[in-house]
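Asks: I'd like to ask you about the structure that follows.
The values are calculated or read from the model by the stated rules, or taken from the named source; none is laboratory data. Here the structure is a predicted model, which is why all the values come from computation and not from measurement. Note that we place each Cβ from the backbone using ideal geometry, even for glycine, and neighbour counts take in every protein chain shown.
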Amino acid sequence: MAWDTDATREKLLDAAITEFSDRGFSGARIHQISRISGCNRERIYFYFGGKAELFEAALTRELVTALDDLPIVGSGPVAIADFAGRYFDLSNGRPSLARLTFWEGLEQGHPVGAETRALRAANKVSEIRDALPALSEAAAEDLLLTIVTLCHAWVSSPNVPLVITGTPDEERRRASIMRTSELLARDALGLPSQSP
């Protein structure tokens with residue numbers, strides 16, 4: 001019987017995403033990833049080389065998937081708000097992405113998979129500029145960074161909104177991120193903060 005290498009690799013990545021997002025790089029254990037995936041531990045070393053490379057592959061897959069799966073649809077500040085709302089939904093539905101980037105920041109000291117991730121981010125910046133043609137590249141980068149960090153913060157720091165607002169109201173948080181993103185886009189374009 002032939003070995004399904006793609007399926008094995010995906011099982012290992014899925015298990016790694018779970019383990020790393022729950023425990024961070026330092027706390028994650030290769031034997032746990034092996035157990036969760038149902039794959040032999042040697043497969044991890046065969047496909048990825050080691051724990052650091054597996055962490056990089058897991059984080060890169062999550063972020064690349066997030067950026068690639070959410071195109072910016074339409075044009076103008078409303079399109080940016082829509083993207084922000086959908087990115088919030090994705091981040092909230094897949095908290096592993098925010099958690100992995102949080103752990104990366106705490107433990108790695110450098111971005112892992114930076115080249116691939118930077119390329120995907122540059123593609124998203126281009127999409128933002130297509131939606132907002134008058135926007136500079138730097139302003140589009142700042143807008144994307146703001147949207148990503150706002151969405152990730154809600155997931156990686158869930159107690160902060162509870163302390164400040166007293167409620168875990170996701171609809172309110174989503175609307176706030178969308179409104180903020182639209183206002184930032186309008187401001188970057190020099191438009192008034194209210195639609196005419």
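Asks: Taking only pairs six or more apart or across chains, which ones have beta-carbon atoms under 7 Å, a first residue in region 23-38 that is among the aromatic types (Phe, Trp, Tyr), and a second residue that is buried (at least 18 other Cβ atoms within 10 Å of the Cβ) and part of a helix (DSSP H, G or I)?
Replies: PHE25/PHE55; PHE25/TRP103
Asks: For the condition assigned to a loop (DSSP other than H, G, I, E, B), under 15 Å from the mean Cα position of the chain (by Cα) and either among the hydrophobic types (A, V, I, L, M, F, W, C) or within 30 Å of ILE30 (Cβ to Cβ) (or both), what is the one hit in VAL73, VAL112, VAL64?
Replies: Details: VAL73 fails: under 15 Å from the mean Cα position of the chain (by Cα); VAL64 fails: assigned to a loop (DSSP other than H, G, I, E, B).
VAL112 is the lone residue from the list that is assigned to a loop (DSSP other than H, G, I, E, B), under 15 Å from the mean Cα position of the chain (by Cα) and either among the hydrophobic types (A, V, I, L, M, F, W, C) or within 30 Å of ILE30 (Cβ to Cβ) (or both).
Asks: Within region 1-47, which residues are of a type in the set (D, E, K, R), touching a Ser or Thr at 6+ places or on another chain (Cβ under 8 Å) and either surrounded by fewer than 17 Cβ atoms within 10 Å (Cβ to Cβ) or in a loop (DSSP other than H, G, I, E, B) (or both)? Reasoning before the result, please.
Replies: First, pick out the residues of region 1-47 that are of a type in the set (D, E, K, R): 4, 6, 9-11, 14, 19, 22-23, 29, 35, 41-43.
Now restrict to residues that are touching a Ser or Thr at 6+ places or on another chain (Cβ under 8 Å): 11, 14, 41, 43.
Answer for region 1-47, where residues must be of a type in the set (D, E, K, R), touching a Ser or Thr at 6+ places or on another chain (Cβ under 8 Å) and either surrounded by fewer than 17 Cβ atoms within 10 Å (Cβ to Cβ) or in a loop (DSSP other than H, G, I, E, B) (or both): ASP14, ARG41.
Asks: Which of the numbered conditions does THR65 fail, given that it passes all the others? Conditions: (1) surrounded by fewer than 13 Cβ atoms within 10 Å (Cβ to Cβ); (2) among the hydroxyl-bearing types (Ser, Thr, Tyr); (3) at pLDDT below 90.
Replies: All conditions are met except number (1).
Asks: Now a separate question. So, in region 152-161, how many residues would count as being closer than 15 Å to GLY105 by Cβ and surrounded by 14 or more Cβ atoms within 10 Å (Cβ to Cβ)? Quick ask: steps written out before the conclusion?
Replies: Within region 152-161, the subset closer than 15 Å to GLY105 by Cβ is 152-153, 155-157.
Filter once more, so that each one left must be surrounded by 14 or more Cβ atoms within 10 Å (Cβ to Cβ): 152-153, 155-156.
So the answer is 4.
Asks: Determine the pairs where a residue that is touching a residue at least 40 places away in the same chain (Cβ under 8 Å), located within region 80-94, has a partner that is outside any helix (DSSP H, G or I) and small (Gly, Ala, Ser) with Cβ atoms under 8 Å apart, the partner being 6 or more residues away or on another chain.
Replies: The qualifying pairs are ASP82/GLY74.
Asks: Looking at VAL64 and the list (1) touching an Asp or Glu at 6+ places or on another chain (Cβ under 8 Å); (2) hydrophobic (A, V, I, L, M, F, W, C); (3) closer than 26 Å to LEU119 by Cβ, which single condition is not satisfied?
Replies: Of the numbered conditions (1) touching an Asp or Glu at 6+ places or on another chain (Cβ under 8 Å); (2) hydrophobic (A, V, I, L, M, F, W, C); (3) closer than 26 Å to LEU119 by Cβ, the odd one out for VAL64 is (1).
Asks: Which ones in region 11-61 are within 21 Å of the chain's Cα centre (by Cα) and at positive phi?
Replies: Within region 11-61, just GLY24 meets the criteria.
Asks: Within region 126-140, is even one residue of a type outside the set (Gly, Ala, Ser), over 18 Å from the mean Cα position of the chain (by Cα), buried (at least 20 other Cβ atoms within 10 Å of the Cβ) and under 19 Å from GLY74 (Cα atoms)?
Replies: So in region 126-140, the residues of a type outside the set (Gly, Ala, Ser) come out as 127-130, 132-133, 135, 137.
Of the ones still in play, those that are also over 18 Å from the mean Cα position of the chain (by Cα) are 129-130, 132-133, 135, 137.
From the residues that got through so far, the ones that are buried (at least 20 other Cβ atoms within 10 Å of the Cβ) too are 132, 135.
So of that shortlist, the ones also under 19 Å from GLY74 (Cα atoms) come out as 132, 135.
So far as region 126-140 goes, yes, one or more of its residues are of a type outside the set (Gly, Ala, Ser), over 18 Å from the mean Cα position of the chain (by Cα), buried (at least 20 other Cβ atoms within 10 Å of the Cβ) and under 19 Å from GLY74 (Cα atoms).
Asks: For the subset of region 162-186 comprising residues that are surrounded by 12 or more Cβ atoms within 10 Å (Cβ to Cβ) and among the polar types (S, T, N, Q), which member is modelled with the lowest pLDDT?
Replies: Only one residue fits best here, namely THR165.
Asks: Right, another one. Determine whether SER91 is at pLDDT 95 or above and either out of contact with any strand residue (DSSP E or B) (no Cβ under 6 Å at 6 or more places or on another chain) or part of a loop (DSSP other than H, G, I, E, B) (or both).
Replies: Values: at pLDDT 95 or above: no; either out of contact with any strand residue (DSSP E or B) (no Cβ under 6 Å at 6 or more places or on another chain) or part of a loop (DSSP other than H, G, I, E, B) (or both): yes.
No; evaluated as a whole, the condition is false for this residue.
Asks: Just checking: which of the helices (runs of 4 or more DSSP H) contained wholly in region 123-196 hold 2 or more residues that are without any contact (Cβ under 8 Å) to a residue 24 or more places away in the chain, touching a helix residue (DSSP H, G or I) at 6+ places or on another chain (Cβ under 7 Å) and not small (Gly, Ala, Ser)?
Replies: Values: elements: 137-156, 159-165, 170-189.
Hits in region 123-196: 137-156.
Asks: Follow-up question, since we're still on this one. For GLU115, are the conditions met, namely being surrounded by 18 or more Cβ atoms within 10 Å (Cβ to Cβ), out of contact with any Asp or Glu (no Cβ under 7 Å at 6 or more places or on another chain) and within 17 Å of VAL64 (Cβ to Cβ)? It would help to see each step written out before you state the result.
Replies: Working: surrounded by 18 or more Cβ atoms within 10 Å (Cβ to Cβ): no; out of contact with any Asp or Glu (no Cβ under 7 Å at 6 or more places or on another chain): yes; within 17 Å of VAL64 (Cβ to Cβ): yes.
No.
Asks: Go through region 1-39 residue by residue and tally those that are acidic (Asp, Glu) and farther than 25 Å from GLY105 by Cα.
Replies: Residues of region 1-39 that are acidic (Asp, Glu), as a first pass: 4, 6, 10, 14, 19, 22.
Add one more test, that the residue is farther than 25 Å from GLY105 by Cα, and what stays is 4, 6.
Residues flagged as acidic (Asp, Glu) and farther than 25 Å from GLY105 by Cα within region 1-39 amount to 2.
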